[in-house]
1. In the range 125-153, what residues are closer than 24 Å to residue 114 by Cα and of a type in the set (Phe, Trp, Tyr)?
2. Suppose we filter the range 19-34 for residues that are open to solvent by 20 Å² or more (accessible area, probe 1.4 Å) and either touching a Ser or Thr at 6+ places or on another chain (Cβ under 6 Å) or of a type in the set (Phe, Trp, Tyr) (or both); how many remain?
3. Examine the range 157-168 for a residue that is in contact with a Lys or Arg (Cβ under 9 Å, 6 or more places away or on another chain) and free of Cβ contacts under 8 Å to residues at least 40 places away in the same chain, and state whether such a residue exists.
4. Since residue 147 meets every condition but one in (1) part of a loop (DSSP other than H, G, I, E, B); (2) more than 14 Å from the chain's Cα centre (by Cα); (3) modelled with pLDDT of 90 or more, which condition does it not meet?
5. State all residues of the range 109-133 that are open to solvent by 50 Å² or more (accessible area, probe 1.4 Å) and in a strand (DSSP E or B); if no residue qualifies, say none.
6. Condition check: aliphatic (A, V, I, L, M), part of a loop (DSSP other than H, G, I, E, B) and more than 30 Å from residue 64 (Cβ to Cβ). Does residue 159 satisfy that?
7. From the list 66, 50, exactly one residue is of a type outside the set (Phe, Trp, Tyr), within 14 Å of residue 20 (Cβ to Cβ) and in contact with a Lys or Arg (Cβ under 6 Å, 6 or more places away or on another chain). Which is it?
8. What pairs come up if the first residue lies in the range 62-73 and is closer than 29 Å to residue 173 by Cα, the second is of a type in the set (D, E, K, R) and in a loop (DSSP other than H, G, I, E, B), and their beta carbons are under 8 Å apart, counting only those six or more places apart or on different chains?
Amino acid sequence: MLKRKLGPSVTFFPQPTTLVSSVDGQGTSNLMTASWVGIVSKTPPTIGLSLNHSRKTYANIKATQSFVINMVPASLAVEADYCGLRSGREDEKASVTGLTLESASLVEAPLVAESPLSVECRLISEIPLGEYSLLLGEIVEIHACEEAFQDDGRMDALAFDPLVYLGGIREYWSLGEKKAQAYRDGKKFFKP
């Protein structure tokens, strides 16, 4: 496979499209679209979120030590894009987009009701990275839509319909079809 060198950049995909909900010290909520999000530890359950220091969301998380990562379904691509284009200092983004904020169970930051998967987090650490910081949040609760569960209790990924962001080419995509079963299909390469 012939490859082209791109130099140091942030071109890597897919990235999850998420709405980070936060609240400031006065109780005012904010939404921000972020794709630099990912699970970084299983024990304890921890998620990483990279934010620019100038963002209102960054100030809110620092003030309240909490945030919620809300998965964006493909049906909300336009609303999510808007929440990434505008600052919470300019607009109350939930009102403009028609998204519904509801109380979380363990943290101050709200959940996005239209999100099929919301992850409540408490800030446990910050790693400065130039103009950004990697914020590590302990996962304290997860809310998953009831429609995603099959009769046997397994979750159906298609019910979540996650939107992904293709960094570097600036496009949103929905996921395609299942290609393999994790922790099983790769065993075909094991030697007997």
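The values are calculated or read from the model by the stated rules, or taken from the named source; none is laboratory data. Please read these numbers as outputs of a predicted model, since none were measured by experiment. All Cβ positions, glycine included, derive from the backbone under ideal geometry; neighbour counts span all protein chains shown. Calculation scope for accessible area: heavy atoms of the full protein, side chains included, ligands and nucleic acids excluded. Shrake-Rupley method; radii C 1.70, N 1.55, O 1.52, S 1.80 Å.
1. The answer is 149, and nothing else.
2. Here the count works out to 1.
3. At the first step, the residues of the range 157-168 found to be in contact with a Lys or Arg (Cβ under 9 Å, 6 or more places away or on another chain) are 157-158.
Going one step further and asking which of them are free of Cβ contacts under 8 Å to residues at least 40 places away in the same chain, we end up with 157-158.
Looking for residues that are in contact with a Lys or Arg (Cβ under 9 Å, 6 or more places away or on another chain) and free of Cβ contacts under 8 Å to residues at least 40 places away in the same chain, one finds at least one in the range 157-168, hence yes.
4. (1)
5. Residues of the range 109-133 open to solvent by 50 Å² or more (accessible area, probe 1.4 Å): 114, 122, 124, 126-132.
Across the range 109-133, the qualifying residues are 122, 124, 126, 127, 128, 129, 132.
6. No.
7. One residue alone meets the criteria, 66.
8. Correct list of pairs: 66/108; 73/114; 73/161.
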